[in-house]
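A short write-up of the structure that comes next.
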Amino acid sequence: MGEQGLLGREGLAQALTELGGQAAATEILDYVLEHAASASDDMTACVIRPVHACGDGRIQEELEIGWALEHPEDLAKLLTDCGLDPDEAERAIAASRARSAGATPAVLHVEKTPWVTRWEIAVDDPQDRPASARSAEAVPA
């Protein structure tokens, strides 16, 4: 229990853990009433949950290779979190290092679908980006 009889963040986290991922707002409020030393009469709970999620399950990441190589531990974790096995992640990192030796900036694209995860390295041409994503120097006057 938190200060002054309130549950606090830790208590609320415990409540959500105990109630499970499908708890309704009224169940959360009942838990608070039962476990807090005091409660006001103006409590509110809002539960937001994607009931009917849509999409094809595809995740796409694009990383500027210069940044990626400055953060190799983060890059390796991102690649394995995207579904590449550690050996394949190392191959992608090695290819990124080899590609970074060139003068033209490049991007590492990673795509994960429910069936396959793949990666590729592409030239980063600022003219291929949407105007909103270009730097001020890349936008024609």
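The values are calculated or read from the model by the stated rules, or taken from the named source; none is laboratory data. Predicted, not measured: the structure shown is a model, and the values here were computed from it. Note: ideal-geometry Cβ built from the backbone for every residue, glycine included; neighbour counts use all protein chains shown.
Data table
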quantity: Residues that are among the hydroxyl-bearing types (Ser, Thr, Tyr) and not in a helix (DSSP H, G or I), drawn from the stretch 81-112; calculated: 104
quantity: Residue within the stretch 28-42 that is in contact with a Ser or Thr (Cβ under 9 Å, 6 or more places away or on another chain), farther than 22 Å from residue 118 by Cα, surrounded by 10 or more Cβ atoms within 10 Å (Cβ to Cβ) and modelled with pLDDT under 80 present; calculated: no
quantity: Residue tally, condition loosely packed, with under 14 Cβ neighbours inside 10 Å, aliphatic (A, V, I, L, M) and modelled with pLDDT of 80 or more, over the stretch 82-141; calculated: 4
quantity: Verdict on residue 120 being among the acidic types (Asp, Glu) and in a helix (DSSP H, G or I); calculated: no
quantity: Residue 67, sole failed condition from (1) in the same structural domain as residue 15 (by TED's automatic domain parsing); (2) modelled with pLDDT under 80; (3) hydrophobic (A, V, I, L, M, F, W, C); calculated: (1)
quantity: Long-range neighbours under 6 Å by Cβ, at least six apart or interchain, first residue over 18 Å from residue 48 (Cβ atoms) within the stretch 13-37, second in a helix (DSSP H, G or I) and among the acidic types (Asp, Glu); calculated: none
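Yes/no matrix, rows are residues, columns are (1) exposed (fewer than 10 other Cβ atoms within 10 Å of the Cβ); (2) in the same structural domain as residue 93 (by TED's automatic domain parsing); (3) at pLDDT 75 or above; (4) part of a helix (DSSP H, G or I):
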site: 9; (1), (2), (3), (4): yes, no, yes, yes
site: 18; (1), (2), (3), (4): no, no, yes, yes
site: 63; (1), (2), (3), (4): no, yes, yes, no
site: 74; (1), (2), (3), (4): no, yes, yes, yes
site: 79; (1), (2), (3), (4): no, yes, yes, yes
